[in-house]
There are 2 protein chains.
Amino acid sequence: MAVARSSGQERVPPHPDVQAITLQKVLEALVDPVRRSIVCQLYAASGDINCGAFDLPVEKSTATHHFRVLREAGLIRQYYVGTSRMNALRHAEIDTVFPGLLGALVTAGDGSRPAGPGPAAPGPDTQTGL
Amino acid sequence: MAVARSSGQERVPPHPDVQAITLQKVLEALVDPVRRSIVCQLYAASGDINCGAFDLPVEKSTATHHFRVLREAGLIRQYYVGTSRMNALRHAEIDTVFPGLLGALVTAGDGSRPAGPGPAAPGPDTQTGL
DNA sequence: CCATAAGTTCGATGATTGTCAAACTTTGAT
DNA sequence: ATCAAAGTTTGACAATCATCGAACTTATGG
C-alpha cells in the first residue's frame, strides 16, 4: 500500500506551461519519425500509455530521450505510476495554441493519402501511421 | 528580345511530383525558421516572388540552399524569368496530399496566438510571422 | 534483504545541417 | 564586347542530434 510521501521530489518532471509552447519546439519534436510515432500512438489510444508499452524501433535509453523532447516541447504530459512512467498527449491544450495542427499532422501521417489511380492497392494496412 | 531557345537545358530545376511529397520531407523543410519565413511570405503574397525580394536574415548562398530544400520537399515551384528565379507556393497541391496542414502551420506561426490575460499587449505587429 | 523491473543519466560516436566566403554562370543592358 | 545583376556551386567549419551501452535510481515482490 503505497502512501504518497510528501517529502523529497514528487518525481514529476518539469512541463512547460501552455502559453510557453512554441511552434519551433513543436516542429523540432515532430520532425523525428520515432517521436511522431509516439504522438500518433497516443493520439489513437483511448487513454494514457506507459513508456514500455510503445512499439518503438530504438533502445530504452533512446526512447527516454525522445519522451523528454516531446515533454519539453509541451506535446505530452508525464507522471509516475509505480515504476512505470505514464504518457498523455496534451491534445486539448495544443489545440488552443495551434488550432488544427495536431490533427492535420496525424492525418497527414496516417497513410490515408489519396493513392490515386496508382498500381499499388491501398490495402488494409494496420500500421499506426504518422 | 529573348526568344525561348529549345536547345540546351530549360533551366528548370527538378521538382517532385505531387504524390512523391512526403510528410517527413515537408517537416524537415519547415522545421527551419528561415524556410518557414519563406513559406509564410509566399502564403501571404498575392503572386510569385523572386528570390531576391524575400526578407531573409542570411546570405545569398544560404538562401539558395533553403530554396532548394523547399523545392525538393515539394513545397515550392521555381522557374526563371530573365536572371531572376521566381518562387511559387504549391499550395493547392499540398492541400490535396496533406489537407489543412499548410494552413494550420501558417496560422500557428503568424503570432495570432491567444495571448490570454498576460501583461504583454498583442499590439499590431507587422511581422510576417510563422 | 535480495532480486527484478522500469526508466534515467552519462559519456561517446557518427551523421546531418545551417552558415559563410569565394569562384562561377547566365542573362540583360550599355 | 564589356559590365553589372541575380543566383548557383563548391568546399569548409561549427553546431546539433539521434543512437547506443553501461552504470545508476527507484519501486515492487518474495
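A few remarks follow.
- Enumeration of residues in region B:70-86 that are within 6 Å of DNA strand C (Cβ to nearest atom) and either over 17 Å from B:G47 (Cβ atoms) or of a type in the set (K, R) (or both): B:T83
- Qualifying residue in region B:34-52 (condition: in contact with a helix residue (DSSP H, G or I) (Cβ under 6 Å, 6 or more places away or on another chain), touching a residue at least 60 places away in the same chain (Cβ under 8 Å) and among the aliphatic types (A, V, I, L, M)): no
- Scanning region B:45-76 for residues that are of a type in the set (G, A, S) and part of a helix (DSSP H, G or I) yields a total of 5.
- Subset of region B:77-130 (residues that are modelled with pLDDT of 55 or more, part of a loop (DSSP other than H, G, I, E, B) and more than 14 Å from chain A (Cβ to nearest Cβ)): B:G82, B:T83, B:R90
- Looking across region A:46-67 at every residue that is more than 13 Å from the chain's Cα centre (by Cα) and within 6 Å of DNA strand C (Cβ to nearest atom), the one that is nearest to A:Q78 (Cα to Cα) is identified as A:G52.
- Residues being surrounded by 10 or more Cβ atoms within 10 Å (Cβ to Cβ), in a loop (DSSP other than H, G, I, E, B) and modelled with pLDDT of 95 or more - total across region B:1-44: 6
- Residue, nearest to DNA strand D (Cβ to nearest atom), within region A:35-80, restricted to residues that are farther than 26 Å from A:A20 by Cβ and hydrophobic (A, V, I, L, M, F, W, C): A:V58
- Failed item, numbered, when B:R71 is tested on (1) buried (at least 18 other Cβ atoms within 10 Å of the Cβ); (2) at the interface with chain A (Cβ under 10 Å from one of its Cβ atoms): (2)
The values are calculated or read from the model by the stated rules, or taken from the named source; none is laboratory data. Source: prediction; values computed, not measured. Neighbour counts run over all protein chains shown; Cβ positions are idealised from the backbone, glycine included.
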